[in-house]
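Worksheet for the structure shown next.
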Amino acid sequence: MKAGKLRHVIQLQRVTSAPDDYGTPVDTWALLATLRAELVSQDKAEQIEGAAGAVDRVALVLRTRVFAGVTLADRVMFRGKIYDLKQIDGGDWAKGEGLALHCEGVA
């Protein structure tokens, strides 16, 4: 993986539980890591969601260096928008492979 292709900055976020003002646990998203990434592909599709009508969905594939512990429960912030992780490929440090993060979000 060449560093020159890693032009974008992404943030990996993980859900954590923190108490609110009344002491009740509330789920919040905390920063897990800030990484450099390459935008491999970006597709847009229209999805029908019942009474809400048509919603534009964006599918991204981002490639980054290996980062241990990334799960599908995490999410990605890219260009100020939130994307859910749908699939994680690669991650073999010995072979020099990075992670391919397949993400989906609302346009």
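The values are calculated or read from the model by the stated rules, or taken from the named source; none is laboratory data. Keep in mind the model is a prediction, meaning the values are calculated, not measured. All Cβ positions, even for glycine, are placed from backbone atoms using ideal geometry, and neighbour counts span all protein chains on display.
Some notes on this structure:
- Cβ-Cβ under 6 Å pairs, at least 6 apart or on other chains, the range 1-24 side closer than 30 Å to residue 40 by Cβ, far side among the basic types (Lys, Arg) and at pLDDT 90 or above: 6/36; 13/75
- Boolean, residue 36 is modelled with pLDDT of 90 or more and either part of a strand (DSSP E or B) or surrounded by 10 or more Cβ atoms within 10 Å (Cβ to Cβ) (or both): yes
- Against the criterion of being surrounded by fewer than 10 Cβ atoms within 10 Å (Cβ to Cβ) and at pLDDT 75 or above, residue 43 does not qualify.
- Here residue 95 clears all of (1) outside any strand (DSSP E or B); (2) within 15 Å of residue 35 (Cβ to Cβ) except the condition numbered (2).
- In the range 1-28, the residues that are part of a strand (DSSP E or B) and either over 19 Å from the mean Cα position of the chain (by Cα) or closer than 14 Å to residue 78 by Cβ (or both): 8, 9, 10, 11, 12, 13, 17, 18, 19, 25, 26
- Residues of the range 54-76 satisfying the condition of being in a strand (DSSP E or B), out of contact with any Ser or Thr (no Cβ under 8 Å at 6 or more places or on another chain) and crowded, with 18+ Cβ neighbours inside 10 Å: 62, 63, 64, 75, 76
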